[in-house]
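A.B. asks: What follows is a single structure, and I will ask about it in a moment.
The values are calculated or read from the model by the stated rules, or taken from the named source; none is laboratory data. This is a predicted model, so every value here is computed, not measured. As a convention, Cβ positions derive from the backbone with ideal geometry for all residues, glycine included, and neighbour counts pool all protein chains shown. Remember, those area values only see protein heavy atoms, side chains included, never the ligands or the DNA or RNA. Shrake-Rupley method; radii C 1.70, N 1.55, O 1.52, S 1.80 Å.
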Amino acid sequence: MIMSGASFKKGALARPLDGEVDLQGHRGARGRRPENTIPAFRYCIDQGMTTIELDTNVTKDDQLIVCHDTMLNGSICRDERGNAAPPIPIGDLTVAELKLYDCGSVMNPAFPEQVPVPGTSMPTLPEAFAFAKNYESGRELARPMRFNIETKFARDCTAKDIERSARLVVAAIVDAGMAERATVQSFVLPVLPIVKRLDSRICRSALFESSFIQRSGNEIILAAREAEAGIISPHVNAVTSAFVEQCHAAGFRVLVWTVNEEVDMLRLFAWGVDGIISDYPDRLARAYSQRKTDFIETSL
Ligand code: G3P
Ligand code: CA
């Protein structure tokens with residue numbers, strides 16, 4: 001159910017910290033196209049999102065592949081014979097080997113509106129940047145696309161793995177000239193201060209699982225501060241208006257994941273969140289314009 005404009009009272013809308021809302025397509029547009037692929041990024045841009053959210057893993061040959069799972073995922077990727085990809089760690093494969101898998105043919109059953117794009121392989125991070133730069137140049141965007149780049153790690157990752165990933169992601173961002181429009185995000189918070197040390201122009205976002213609801217707002221803020229992040233990125237189920245206010249008072253922006261229902265998006269906009277990450281960029285764009293209408297109507 002979508003909340004109507006009349007649901008907001010005059011002055012009910014809180015404001016984001018710097019007055020702007022960041023609209024992010026999760027894994028590009030997982031609800032509409034195969035996740036973390038160029039077709040998903042195209043859809044994300046076409047729907048007027050401001051940021052592409054994506055995931056990266058380090059490959060055997062020290063490159064960054066855009067992929068959520070730390071192992072090949074047989075439920076969404078197929079080998080050259082059309083069989084489910086075997087569960088091999090991404091870090092044991094080179095980019096050339098990973099490119100052999102088709103990750104666009106099989107619709108993710110959790111997202112029945114996802115349109116398959118057969119023959120789509122995982123892009124590298126530089127390929128994702130190159131695509132967006134080229135695609136946006138032919139369009140009149142309000143501002144260049146931004147990237148919210150998650151660094152994924154295996155459960156048994158070491159400090160060396162974290163340092164290696166940070167170095168590779170910063171190098172890829174800087175080489176593409178994207179330092180001013182990139183955020184590095186992670187649940188593995190120690191990666192964030194390393195990113196800052198390597199290039200302080202790159203924003204940093206501290207991710208928190210929904211279980212953080214058991215931790216106090218103060219603990220979350222302390223953890224984000226220690227990680228030298230400017231953004232706190234909580235699971236939607238753990239967000240309250242008081243928490244948003246508390247983060248803002250401490251100087252943190254709040255970027256909520258993964259929000260797929262328009263009623264939830266409207267509630268979060270009213271609470272003044274700084275950004276929303278959604279599998280459905282079309283729904284997020286619609287809710288955002290509804291929110292603007294509400295604001296105008298209720299401000300009269
Ligand atoms: O950006 C936050 C969100 O992407 C984290 O969850 O598991 O989809 O990467 P996940
Ligand atoms: Ca992610």
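A.B. asks: Please go through (1) open to solvent by 20 Å² or more (accessible area, probe 1.4 Å); (2) touching a helix residue (DSSP H, G or I) at 6+ places or on another chain (Cβ under 8 Å); (3) assigned to a loop (DSSP other than H, G, I, E, B); (4) within 30 Å of Val106 (Cα to Cα) for Phe131 and return the number of the only condition it doesn't satisfy.
C.D. replies: So Phe131 meets the others, but not (3).
A.B. asks: Sort out for me the strands (runs of 3 or more DSSP E) sitting completely within region 21-123 that have 1 or more residues that are closer than 21 Å to Ile173 by Cβ, within 15 Å of ligand 1 (Cβ to nearest atom) and in contact with a Cys (Cβ under 7 Å, 6 or more places away or on another chain).
C.D. replies: Of the strands (runs of 3 or more DSSP E) lying wholly inside region 21-123, those with at least 1 residues that are closer than 21 Å to Ile173 by Cβ, within 15 Å of ligand 1 (Cβ to nearest atom) and in contact with a Cys (Cβ under 7 Å, 6 or more places away or on another chain) span 22-25, 51-58.
A.B. asks: Tell me, yes or no, whether region 136-144 has at least one residue that is open to solvent by less than 80 Å² (accessible area, probe 1.4 Å), in contact (Cβ under 8 Å) with a residue 40 or more places away in the chain and within 17 Å of the chain's Cα centre (by Cα). Let's see the steps before the verdict.
C.D. replies: At the first step, the residues of region 136-144 found to be open to solvent by less than 80 Å² (accessible area, probe 1.4 Å) are 136, 138, 141, 144.
Keeping just the survivors that are in contact (Cβ under 8 Å) with a residue 40 or more places away in the chain gives 136, 141.
After this cut, where a residue has to be within 17 Å of the chain's Cα centre (by Cα) as well, the list is none.
No, region 136-144 contains no residue that is open to solvent by less than 80 Å² (accessible area, probe 1.4 Å), in contact (Cβ under 8 Å) with a residue 40 or more places away in the chain and within 17 Å of the chain's Cα centre (by Cα).
A.B. asks: I'd like to verify a number: residues in region 30-66 that are buried (at least 24 other Cβ atoms within 10 Å of the Cβ) and on the phi > 0 side of the Ramachandran plot, how many?
C.D. replies: Number of matching residues: 1.
A.B. asks: Between a first residue in region 12-41 that is within 20 Å of Asp69 (Cβ to Cβ) and a second residue that is within 13 Å of ligand 2 (Cβ to nearest atom) and in a helix (DSSP H, G or I), which pairs have beta carbons less than 6 Å apart while being 6 or more apart in sequence or on different chains?
C.D. replies: That search, which allows pairs on different chains as well, returns Gly28/Ala40; Ala29/Ala40; Arg33/Ala40.
A.B. asks: Looking at region 202-261, which of its residues are crowded, with 20+ Cβ neighbours inside 10 Å and among the charged types (D, E, K, R)?
C.D. replies: Arg204, Arg253
A.B. asks: Determine which member of the set Val254, Val259 is part of a loop (DSSP other than H, G, I, E, B) and of a type outside the set (S, T, N, Q).
C.D. replies: Checking each option against the conditions leaves just Val259.
A.B. asks: Let me ask you something else. Restricting region 135-170 to residues that are of a type in the set (Gly, Ala, Ser) and within 19 Å of Ala229 (Cα to Cα), which is farthest from ligand 1 (Cβ to nearest atom)?
C.D. replies: Checking each candidate, the answer is Ala159.
A.B. asks: Can you name every residue in region 264-285 that is more than 19 Å from Arg33 (Cβ to Cβ) and not in a strand (DSSP E or B)?
C.D. replies: Once the filter is applied, which keeps residues that are more than 19 Å from Arg33 (Cβ to Cβ) and not in a strand (DSSP E or B), region 264-285 yields Asp264, Met265, Leu266, Arg267, Leu268, Phe269, Ala270, Trp271, Gly272, Val273, Asp274.
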